[in-house]
Amino acid sequence: MQFETLVYEVKDFVATVTLNRPQVLHALNAKVFDELEDIFTDMDENRAVRVVLLTGAGEKAFAAGADIKELAQTDESSGAEKARRGQEVLSLIESCGKPVIALVNGFALGGGCELAMACTMRIASEKAKLGQPEVKLGLIPGYGGTQRLPRLVGDSRALKMLLTGEMIGAEEALRIGLVDEVVAHEGLMARGMELATAIAAASPLAVLGCMEAVRRGGRLSARLGQREGMEVEAEIFGRLCGSKDKAEGTRAFLEKRAPVWMGR
């Protein structure tokens, strides 16, 4: 698949999606959203993909935000439509059925920070800078930032970022829970690939089951009580017990060999 604004590669069950508009630090415009939608719609049913790495080309940025030239042309009606379009695509990434690891290699501001938050987890370079500076444009985040950020870091920390519009560094992002790990800048892709490879080695059905259980019972949705959440867990556990992957995994363990996953 060839794209204007993205580079898309698949190898050994790991897809790498690279934002590629370096002249504007990978700002998110309508074309980027269209191409992200095409890629993640394809990956949802693509058995050759088990894990996704999402990053920005070069050394400076993951994604610097929304395309301000496009944004400047919006009015009340088209602005709401633009926000809903961004929310739709980021929700597709969040629920695509494959773990998506954001490799935050530089600036992740505005829509770029929102894109990272829609991923399953976030690994940051020591040089990363994250923030939601929309108030400085007379706006609020429009692609889910006011909803995902409090769920990750808590209301007061989220409001501190949202109301000041200030950037924070990688270590502060790690401290408050906005990113999951900080690594040396030159080791970011290697660490992402290491993590992706470990996930890709597991049963794809089991990986999907873990994600479903957390999403249905945890903070990515209206939180269930512990009893209701454990019932969700039991339901998914039972479903997997009837799968070919479970039969293969247990058989391989007993036979002391590596399993061959079928995703069924």
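Just one of (1) surrounded by fewer than 16 Cβ atoms within 10 Å (Cβ to Cβ); (2) modelled with pLDDT of 95 or more; (3) not β-branched (Val, Ile, Thr) fails for Arg215. It is (2). Meeting the requirement of 3 or more residues that are touching a residue at least 40 places away in the same chain (Cβ under 8 Å), in contact with a helix residue (DSSP H, G or I) (Cβ under 8 Å, 6 or more places away or on another chain) and surrounded by 14 or more Cβ atoms within 10 Å (Cβ to Cβ), the strands (runs of 3 or more DSSP E) wholly within the stretch 65-167 are 100-104, 121-125.
Has the stretch 51-73 got at least one residue that is within 27 Å of Glu212 (Cβ to Cβ) and either among the acidic types (Asp, Glu) or not assigned by TED's automatic domain parsing to the domain that holds Gly165 (or both)? No: the stretch 51-73 contains no residue that is within 27 Å of Glu212 (Cβ to Cβ) and either among the acidic types (Asp, Glu) or not assigned by TED's automatic domain parsing to the domain that holds Gly165 (or both). Among residues of the stretch 172-203 being assigned to a loop (DSSP other than H, G, I, E, B) and touching a helix residue (DSSP H, G or I) at 6+ places or on another chain (Cβ under 7 Å), the one that is modelled with the lowest pLDDT is Ser203. Scanning the stretch 172-184 for residues that are touching a residue at least 40 places away in the same chain (Cβ under 8 Å) and under 19 Å from the mean Cα position of the chain (by Cα) gives Ala173, Leu174, Leu178, Val179, Asp180, Glu181, Val182, Val183. When residues in the stretch 25-59 are screened for being under 21 Å from Pro133 (Cα atoms) and touching an Asp or Glu at 6+ places or on another chain (Cβ under 7 Å), 4 of them pass.
Out of the stretch 1-22, which residues are basic (Lys, Arg) and touching a strand residue (DSSP E or B) at 6+ places or on another chain (Cβ under 9 Å)?
Filtering the stretch 1-22 down to residues basic (Lys, Arg) leaves 11, 21.
Result: Arg21, single match.
Is it the case that some residue within the stretch 65-85 is more than 30 Å from Leu205 (Cβ to Cβ) and under 15 Å from the mean Cα position of the chain (by Cα)?
So the first thing to find is which residues in the stretch 65-85 are more than 30 Å from Leu205 (Cβ to Cβ), and the list is 65-85.
So of that shortlist, the ones also under 15 Å from the mean Cα position of the chain (by Cα) come out as none.
Within the stretch 65-85, none of the residues are more than 30 Å from Leu205 (Cβ to Cβ) and under 15 Å from the mean Cα position of the chain (by Cα).
The values are calculated or read from the model by the stated rules, or taken from the named source; none is laboratory data. Keep in mind it's a predicted model, so treat the numbers as computed, not measured. All Cβ positions, glycine included, derive from the backbone under ideal geometry; neighbour counts span all protein chains shown.
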